[in-house]
Structures are given as structure tokens and as C-alpha cells.
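Visitor: Sharing a structure here in C-alpha cells format.
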Amino acid sequence: MKFLDITSETCPMTFVKVKLALAKMDVGQELEVMLKAGEPLENVPRSCEEQGYQVLSIDDCGDGKHRVMIKK
């Protein structure tokens, strides 16, 4: 499993960084993404699903941060 922290990024760079990380991974691997509530939380999971990736879970970690698990 890979880990990516994009809590300091803003849209549209949030999904760009996630997409670049997923591109380097093998099919079936999982990516754990830490991101902020608001636009990143709305856009990243939706964009991933539109690109054919599977969003496994979205967890509230408190402090305005969320963990999104994505399977390539």
C-alpha cells in the first residue's frame, strides 16, 4: 500500500497528485490519501471513480482531515 498526504494542496492539484501516484502503481494496489474537507474531499473520490478507480473507504480523521482508500 502507498501513502500520499495532500492536506497542504488545493484543487485542482489534489487530484493531479493522486492521479500521478496511481499511475506509478500496479493494478490491484491500494493508495491511502490524506486530504482536507471541502473541495478536495468532494472532488478526489469522484474524480477517481470517473477515471475507473475504486474508492474503498472515506474516514473522518478529525481536525478537518479525511483518509480516502483508493484501489487501482
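The values are calculated or read from the model by the stated rules, or taken from the named source; none is laboratory data. Remember, predicted model here, so these are calculated numbers, not experimental data. Heads up, the Cβs are rebuilt from the backbone with ideal geometry, glycines too, and the neighbour counts pull from every protein chain shown. With ligands, DNA and RNA removed, areas are computed over all heavy atoms of the protein, side chains included. Shrake-Rupley method; radii C 1.70, N 1.55, O 1.52, S 1.80 Å.
Visitor: Which loop trypsin sites (Lys or Arg not before Pro) in region 1-70, with loop taken from DSSP, have no more than 15 other Cβ atoms within 10 angstrom of their Cβ?
Guide: Those that pass, being in a loop and sparsely packed, are 24.
Visitor: Quickly estimate the mean residue ellipticity at 222 nm for the chain, helices only: each DSSP H run with n ≥ 4 gives -39500 (n - 2.57), and the total goes over all residues, rounded to 500.
Guide: That calculation yields -10000 deg cm²/dmol at 222 nm.
Visitor: Right, another one. Going by accessible area, probe 1.4 Å, with all protein chains left in place, what is the ranking of 58, 70, largest first? Write down the numbers at each step before the final one.
Guide: Details: 58 85, 70 0 Å².
Descending order: 58, 70.
Visitor: Show me, for region 32-39, the HN-Hα J-couplings you get by feeding each phi into the Karplus relation (A = 6.51, B = -1.76, C = 1.60, θ = phi - 60°), rounded to Hz, glycine and proline as x.
Guide: Each residue of region 32-39 in turn: 9, 10, 9, 8, 8, 5, x, 3 Hz.
Visitor: For the chain, modelled as a Gaussian network with Cα springs under 10 Å, which listed residue fluctuates most, 56, 41, 22?
Guide: Of 56, 41, 22, the Gaussian network model singles out 56 as fluctuating most.
Visitor: Let me ask you something else. For the chain, set up a Gaussian network in which alpha carbons nearer than 10 Å are linked by springs, and say which option among 18, 27, 44 fluctuates the most.
Guide: 27
Visitor: Over the chain, with every protein chain in place, what whole percent of the accessible area is carbon and sulfur at 1.4 Å, could you tell me? Please report the intermediate quantities before stating the final value.
Guide: Values: 2000 of 4240 Å².
So the carbon and sulfur contribution to the accessible surface is 47 percent.
Visitor: Averaging sequence separations of C-alpha pairs under 8 Å and six or more residues apart, then dividing by the length of the chain, give the relative contact order as a whole percent.
Guide: 36 percent
Visitor: Report ³J(HN,Hα) in whole Hz for each residue of region 56-72, in order, from the Karplus equation J = 6.51 cos²θ - 1.76 cosθ + 1.60 where θ = phi - 60°; Gly and Pro get x.
Guide: For region 56-72, the Karplus-derived couplings read 7, 6, 9, 10, 7, 9, x, 6, x, 10, 10, 10, 10, 9, 10, 10, 7 Hz, x marking Gly and Pro.
Visitor: Provide the per residue accessible area, probe 1.4 Å, for the chain, rounded to a whole number of square angstrom.
Guide: Accessible area per residue: 59 Å².
Visitor: May I pose another question? Go through (1) 32, 21, 18; (2) 41, 20, 17; (3) 35, 30, 17 and flag the label whose value is the computed Cα extents along the principal axes in Å for this structure.
Guide: (1)
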